[in-house]
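Down below is the structure, laid out as C-alpha cells.
The values are calculated or read from the model by the stated rules, or taken from the named source; none is laboratory data. In this text the structure is predicted, and so the values were computed from the model without any measurement. Using ideal geometry, Cβ is built from the backbone for each residue, glycine included, and neighbour counts are taken over all protein chains shown. To get the accessible areas, we keep the full protein, side chains included, count just its heavy atoms, and leave off ligands, DNA and RNA. Shrake-Rupley method; radii C 1.70, N 1.55, O 1.52, S 1.80 Å.
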Amino acid sequence: MAVLVQVYPDKQAASAAVAAKIGALIRRRNAEGRPAVLGLATGSTPLPLYAALVRLHREEGLSFREVVTFNLDEYEGLTGDRPESYRYFMEEHLFRHLDLRAGSTHVPDGIADDQPGACVAYEQAIRDAGGLDLQILGIGRTGHIGFNEPPSARESRTRRVQLDEVTRRDNASFFTRPEDVPHGAITMGVATILEARQVELLAFGSSKAAIVRRASGEVPTSACPATWLQLHPDCTFHLDPGANAAL
Ligand code: PGA
C-alpha cells in the first residue's frame, strides 16, 4: 500500500479540494440521516481548510448540525479557555462559525485528574460515534502526526506524550514566551488515526518537504510515525509545490 500524493498550485487550492471532500461526505451522511464523524487537526496548516469549510457553510448552505468531531490532541495543563489551547483554537477558527450542536465537538482533556481513564474514554467515545469517517492531519518536522512524536508504535492509542524539543520550538510562536510551551500533551495514537476510514494529510511550504518525502517513501517505522500512514488503504497527501519540492 502507498499514500496517494496530490500536488496543487498553492495551499488555497489544496484546502479547497479537501473542503470539497468533507462537504461531499457531510452531504452524503446528512442524506442517510446519520452523523459524519470528522477527525480534526490544529496548527497553521489547516487554517485555510477551516476558512473554506466556513465558506461552504455560509455560502452554500452546508449544514454541520449532525456532524460530530474529534480533535487529535491537546496540550497538557491548559484549560479550554486559554488562547494557546487547542480547544480555544478550534472554537475560534471553526466551531463558532458553524451550526454544530452543543456537545458534538470533542478535544482531549488536558487537565483531567485521571488522565489514563480520560484517554480510554476518548477512544470509547470515538467508537460510540461509529468511528472516524475522515481524519485531517498536518505533519510535524519530527514526523509526528497528532502529537505522536518519534518513537510512536503502530499500535499506540490515545495517551499522554512528551513533546519533542523541535516541536516545542516550532509551536513557540503561539505562546507569549518559548518556555511557556507545555512539555506534555494528550494525543490520539497511531492506531486510532489508522482506523479512520479516510485520511487526508496537508503539508505546505518547503520546511515540510524533507519530512513529506520520508513519510511517503521510507519503510514504516516508529522512528518516523507518519510513515505508518503508508499502511492505510485510503490516505492522501495534499501538497503545495514547496512541500513537494524534494520528492
Ligand atoms: P503546523 O503543524 O500546521 O503548525 O505546521 C503541523 C503539525 O505539527 O502537525
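So the values come out like this:
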read-out	value
Per-residue HN-Hα couplings for region 192-201 [Karplus 6.51, -1.76, 1.60; θ = phi - 60°; Hz; x = Gly/Pro]	4, 5, 5, 7, 4, 5, 8, 10, 10, 9
Debye, to nearest 20: dipole size of region 4-244, +1 on Lys, Arg Cβ, -1 on Asp, Glu Cβ	600 debye
Integer Hz, Karplus 6.51/-1.76/1.60 couplings in order for region 162-175, x for Gly and Pro	8, 7, 5, 5, 4, 5, 4, 5, 5, 9, 5, 5, 7, 10
For the chain, built as a Gaussian network whose Cα springs stay under 10 Å, the top-fluctuating residue of 190, 181, 166	166
The chain: DSSP helices with Cα axial extent of at least 30 Å and average Kyte-Doolittle hydropathy no lower than -0.5	11-32
Global form of the chain, assessed from the alpha-carbon gyration tensor, a/c cut-off 1.5	rounded
Global geometry of region 108-243, whether rounded, prolate or oblate, following the gyration tensor of its Cα atoms and the 1.5 cut on a/c	oblate
Per residue accessible area of region 4-244, 1.4 Å probe, in Å²	42 Å²
Accessible surface of region 4-244, 1.4 Å probe, proportion on carbon and sulfur as whole %	51 percent
Beta bridges per DSSP with both ends in the chain, % antiparallel, nearest 5	30 percent
Cβ-based net charge around residue 65, under 13 Å, with every Lys or Arg adding one and every Asp or Glu removing one	+2
Extension gain, residue 1 back to residue 183 (0.36 nm per residue minus Cα-Cα distance, nm)	62.1 nm
Positive-end residue of 125, 140, 228, charge dipole of the chain with Cβ unit charges	228
Extension gain, residue 245 back to residue 172 (0.36 nm per residue minus Cα-Cα distance, nm)	23.7 nm
Neighbourhood net charge (12 Å Cβ-Cβ; Lys/Arg +1, Asp/Glu -1) for residue 115	-3
